[in-house]
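For reference, the structure discussed in these notes is given below.
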Amino acid sequence: MAERATLLPTAEADFGMSTTTGAAEVVRAMQDVRNELRGVRRDARRPQWGVGRVVGLISTVCLALAAVVFALSSGFDVRGAGDFALQTLGSVDVELEVEPVGHVIWLGSKLPNVKRVFLHRNQELLHQAGWKLKLWRSEDITQQNFPYTYSTIRRALKYHDESGENVFSMIGDLMKFEIMYHFGGLYMDTNIELLRDPTELFTVAASLNKEVFLVADPGGDKRFASAGFMGALKKHSPLFASLVANEQYLNEIPFEEHCVANAWTGPMFLTLKVLHFDSAVILDRDTAYPLLCGQDTRDRCLERVGADETTGSKVEQSDSVLVKEENGDMWRVKVPCHDIMKEYPEATAVDHFSLGKSWINCKPSARSQKLVDWTLRYVHDPASFIFDFTLDQVRWSQSPNSEKLTKKLVERRQTLLGAGSARAQLILLATTARSGSTLMSEMLREAFNADEDTVVWEDETGLHSDIPLYNRFFDLGDLWSETTMGQDWVTKDLWPKLKGFGVTQSSFDDALDQPALFVDEVLQKSASAGYQYVLVKVGWNADPKDSTMSKRVASNLLDSFPHANVIFMERANVLAQFASLTAAQDTGLWMKFVDALNPADQRVLPAPPKVDFNFPRFKVMFDQRHDWITFFHDEMEKRDRKYVHLVYEEHLADTEKQAETMSRLKDFFGFDVNVNRNFLQSSVRLVKSASVPLQDRFNNPHEIPVLLTRAFPLDEIA
């Protein structure tokens, strides 16, 4: 068989560039790469399939493994299936069944000079390890090279010629999958810079008895496999066969939907197939993507600079070079990228996202519709996280058709499950402290938006997670305290949402008299809208027209929902509670939520207004509070129900206690939630009020009985 693509010239060869500082000059400045790379070692840090951890295991069990890895010969001789090349890797002898070639694709225009720099860098490193680099161009798209996808690729090129739309990312996806099927070896996008010999990754895959290694996607969801960096230990992998040999699917790919290329040909399509094969391993994201997509500012080795060579300060001028494009663009480049090597010693490669991203976005409503259509058509496993991912994308898009699309996804999943009408799980929060219950609901909302496997971290670019934050939690609030049903947050916010879920007007109108029937309908309709948990809050009722309402509602809900998760919360400092409750009742101002679009809302508010201590008013509050606490505990004991009892000062007063409390709830109820302290602290939307000594909450602290001030000293911060 003839060689099907042109090998890049050696590092010393001239690419014929007209720039004064081009790839060849950079390569000449990289002659010490070999020695530098020898000093780079990987340090295992995570209990996942990080490469360093696996290699450490290999060193202890290598004599018992039948390693299956690529041949590292320098030639490109085509041998029979039974012929293998042998090469010693450290102390391990491994057999390589395919040629050691790294594949790269660039279509359309001339390869930019800055990409040539990284291509040369990769070629130099691979050459030292006994590999070659193969660049695939448009002229290599032939029936002989791509017998499975050729007609589909030609259709895509025709669409490009007629519409002018960029579909090269979709074409490149099809090409890379078929290249991996026919040849195996390594594939990497042109933005990728290798930091070390990739052979180790093949050793890892072989040690796990896998034919293919992939890397977790850098776009924000580690459960997906990236389509930008992968390796195959053998030719004709069943995984890659499933990606290129389904003629019906290939014929159905609509290239006009290139804004959802991630679904049709990218990570969603790839991962959908991976879920059906046990022959592939998805390695930790840091293996090839230590920087996330969107973290361009953290890339200290690549920066676009002005024509005067002075703009830009991210990349140090020392040990860096300027690369000029034919259109006048200037880049400052530092190769190899020692900064990333030092910060991420486990990384085999880094993607320089500053060089561009190939996907093109479209309007949220159109994108949501296309993602849902693809998911409904091709995802047939109701347990697949792809349902959750699409559901998340639809809801967070805030597109006008999101409710309709969400209902379609949920109904499809229920059909696949063969289940009837689903209900969300009820969480019942009984409380004596309104502000505390609002904080509790905020924490629950955020915790449920990220499952326990989500890794959350914060850097100078903001808060990040390696799984998208799902909107799984709905707060119904407290509709039964005082005159809640007539308040703006109910009539203008809550009711329109419930109506959008499909809750009937009659059920909403009867919520006060038939709370269980109303809540049951909310649980059904919210589940159809994609929510998994609904929070209902019940506090003591100070409405003189019906002071027993809260008790009736609590009893009704406890009887009707025996499997509800029940939490009771109280505030121990009754003086502080009186001050907060009185100020809120007198001013009508309760806890305030942050307006994300208003930077001023991020500030800490002044201390709450002072109130007058009035003993008769205090005694009414105290008696109601005591009566409510006694009633609820008696109701739970009568039903022999288990629940979590929280005290605000002990469990919610600061971020450390909040994280501990969420961990307690997670363990007690078995919630699949994230209890990362920084995540909770950064995500809770409540505006904090300044903390002051308790005496500063009153106009007349001297009139407070000594018995109370002894129990709750006035100099304590409240």
| At what distance in nm do the modelled label points of Val692 and Gln398 sit from each other, each positioned 7 Å from its Cα along Cα→Cβ? | 3.5 nm
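If the chain between Arg639 and Thr297 were fully stretched, how many nm would it gain, using 0.36 nm times the residue separation less the Cα-Cα distance?
On the way: separation 342, 0.36 × 342 = 123.12 nm, distance 5.74 nm.
Going from the current span to full extension adds 117.4 nm.
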| request: Might you work out the accessible area of Val503 for me, using a 1.4 Å probe with all protein chains in place, and round it to the nearest 10 Å²? | output: 10 Å²
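In whole percent, how big is the carbon plus sulfur part of the accessible area of segment 207-312, probe 1.4 Å, protein atoms only?
46 percent
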| said: Heavy atoms only, 1.4 Å probe, whole protein assembly: order Arg434, Arg137, Arg664 by accessible area, highest first. | reply: Arg664, Arg434, Arg137
| remark: Each label sits 7 Å from Cα toward the beta-carbon; between Arg710 and Glu316 the label points are separated, in nm, by 6.7 nm
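Considering only Cα-Cα distances, which of the following residue pairs are longer than 28 Å: Lys537/Lys619; Lys638/Lys666; Lys134/Lys363; Lys158/Lys222? Intermediate results must be reported in sequence, preceding the final value.
Numbers: Lys537/Lys619 24 Å; Lys638/Lys666 25 Å; Lys134/Lys363 37 Å; Lys158/Lys222 34 Å.
Where the Cα-Cα span goes over 28 Å, the pairs concerned are Lys134/Lys363; Lys158/Lys222.
For Ile629 and Ser365, calculate 0.36 nm times their separation in residues minus their Cα-Cα distance, and state this gained length in nm to one decimal. Kindly include the intermediate steps, with their values, before the conclusion.
Working: separation 264, 0.36 × 264 = 95.04 nm, distance 4.81 nm.
Full extension from Ile629 to Ser365 adds 90.2 nm.
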| task | Keeping all protein chains in place, calculate the accessible area per residue for segment 474-539 (probe 1.4 angstrom), answer in Å². | result | 40 Å²
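Quote the FRET efficiency, to the nearest 0.05, computed for Gln487 versus Ala245 with a Förster distance R0 of 45 Å and r equal to the Cβ-Cβ distance. Let's see the in-between values first.
Working: r = 60 Å, r/R0 = 1.34.
E(calc), rounded to 0.05, equals 0.15.
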| field | Carbon plus sulfur fraction of accessible area for segment 99-205, probe 1.4 Å, in percent | value | 47 percent
| How much length is gained on full extension from Asn699 to Glu411, taking 0.36 nm per residue of separation minus their Cα-Cα distance? | 97.9 nm
| task | Would you mind working out the accessible area per residue for segment 222-284, using a 1.4 Å probe, and quoting it in Å²? | result | 30 Å²
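Which of the peptides 631-643, 286-298, 665-677, 227-239 is most tightly packed, and how do the rest follow, going by the mean number of other Cβ atoms within 10 Å of each residue?
On the way: 631-643: 13.8, 286-298: 20.9, 665-677: 17.7, 227-239: 22.9.
Highest-to-lowest ranking by the protection proxy: 227-239, 286-298, 665-677, 631-643.
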| field | Heavy atoms of Trp106 accessible to a 1.4 Å probe, total area in Å² rounded to 10 | value | 50 Å²
| task | Heads up, I need the accessible area for Ser528: 1.4 angstrom probe, whole protein in place, Å², nearest 10. | result | 40 Å²
| In whole angstrom, how far apart do the alpha carbon centroids of segment 479-537 and segment 351-400 sit? | 29 Å
| note | Ranking Cys337, Val379, Asn327 by how far each Cα lies towards the positive end of the charge dipole of segment 319-393 (+1 on Lys and Arg Cβ, -1 on Asp and Glu Cβ), the top one is Asn327
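Rolling a 1.4 angstrom probe over the protein heavy atoms, how many square angstrom per residue are accessible across segment 349-444? Before the final figure, lay out each step's value.
On the way: 4130 Å² over 96 residues.
Spelled out: the 1.4 Å probe surface of segment 349-444, per residue, equals 43 Å².
The values are calculated or read from the model by the stated rules, or taken from the named source; none is laboratory data. Please read these numbers as outputs of a predicted model, since none were measured by experiment. Please note: Cβ atoms are built from the backbone with ideal geometry, for glycine as well, and neighbour counts cover all protein chains shown. What goes into the accessible areas is simple: the full protein's heavy atoms, side chains included, and nothing from ligands, DNA or RNA. Shrake-Rupley method; radii C 1.70, N 1.55, O 1.52, S 1.80 Å.
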